[in-house]
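Here the structure is laid out as structure tokens; the discussion comes afterwards.
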Amino acid sequence: MRWLGWFSRKSEEDAAIEAWRAAWAAAAEMADRRQVEALRAQLAAAGLDHDEREIEREMLEGLEALVALKESIGPGLPPAVATGHRAVGRDECYFVAPASLPDDPAQPGGTLLLTKTRAIFVGGAKALTIPWHSVAVCRRQERDVVFVRTDRPDLHRLRCNTFGEALRAVFLARHLTARRI
């Protein structure tokens with residue numbers, strides 16, 4: 001029985017990482033530069049800033065990228081990104097990142113584009129277009145961006161390659177859906 005107890009017991013490092021990730025998730029909603037520095041200090045103080053913690057370092061970098069994006073756009077539109085992708089057409093594009101559809105059996109890889117009027121995924125056998133006026137909710141789950149629609153009972157989950165891409169995509173999607181009025 002003691003042996004099984006050893007398997008189920010969390011180490012102090014596991015508990016510290018769990019607490020740090022909860023603080024990171026709260027900070028990701030606020031996107032405040034002071035919170036990034038506090039999280040970096042908390043990671044170092046707990047002795048968790050060693051090489052095995054690549055994911056936590058990636059999470060911090062993503063949060064830094066989100067804060068920089070939030071500070072750069074304010075209430076206006078984000079800077080346009082030059083893309084020659086024909087799926088965008090004449091629309092202004094604000095975000096381009098590699099992504100995949102993890103819920104599709106083929107899990108196609110492709111590109112996630114966020115424009116002034118819609119979110120677009122191009123890859124695999126079919127393209128996915130989600131107009132901003134039909135987005136009820138946009139959330140992040142780890143590296144996934146989840147869109148819930150108002151016009152049909154659909155939920156679309158797109159997996160980004162990094163936490164930073166997912167954080168920025170959700171922030172921009174929320175920003176662009178808020179401007180749809």
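Please state which of the following conditions V145 fails to meet, knowing it meets all the rest: (1) of a type outside the set (F, W, Y); (2) surrounded by fewer than 16 Cβ atoms within 10 Å (Cβ to Cβ); (3) in contact (Cβ under 8 Å) with a residue 40 or more places away in the chain; (4) closer than 28 Å to A25 by Cβ. All conditions pass for V145, except number (2). You will find that of R140, R152, R157, the residue that is within 28 Å of R40 (Cβ to Cβ) and among the charged types (D, E, K, R) is R140 and no other.
Would you check if there is a residue in region 84-102 being assigned to a loop (DSSP other than H, G, I, E, B), within 17 Å of the chain's Cα centre (by Cα), without any contact (Cβ under 8 Å) to a residue 60 or more places away in the chain and not assigned by TED's automatic domain parsing to the domain that holds R57? Yes. Scanning region 148-161 for residues that are out of contact with any Pro (no Cβ under 7 Å at 6 or more places or on another chain) and either within 24 Å of W24 (Cβ to Cβ) or without any contact (Cβ under 8 Å) to a residue 24 or more places away in the chain (or both) turns up V148, R149, T150, D151, R152, P153, D154, L155, L158, C160.
Considering E29, E52, the condition of being of a type in the set (D, E, K, R), at pLDDT below 85 and either more than 19 Å from the chain's Cα centre (by Cα) or closer than 18 Å to E142 by Cβ (or both) is satisfied by E52 alone.
For every residue, the table says whether it meets (1) charged (D, E, K, R); (2) touching a helix residue (DSSP H, G or I) at 6+ places or on another chain (Cβ under 8 Å).
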site: A41; (1), (2): no, no
site: A45; (1), (2): no, no
site: E58; (1), (2): yes, yes
site: F95; (1), (2): no, yes
site: L113; (1), (2): no, no
site: I120; (1), (2): no, no
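Considering region 148-181, the residues that are β-branched (V, I, T) and part of a loop (DSSP other than H, G, I, E, B) include one that is surrounded by the fewest Cβ atoms within 10 Å (Cβ to Cβ), namely I181.
The values are calculated or read from the model by the stated rules, or taken from the named source; none is laboratory data. In this text the structure is predicted, and so the values were computed from the model without any measurement. Don't worry about glycine lacking a Cβ; one is built from the backbone with ideal geometry, like all the others, and counts go over all protein chains shown.
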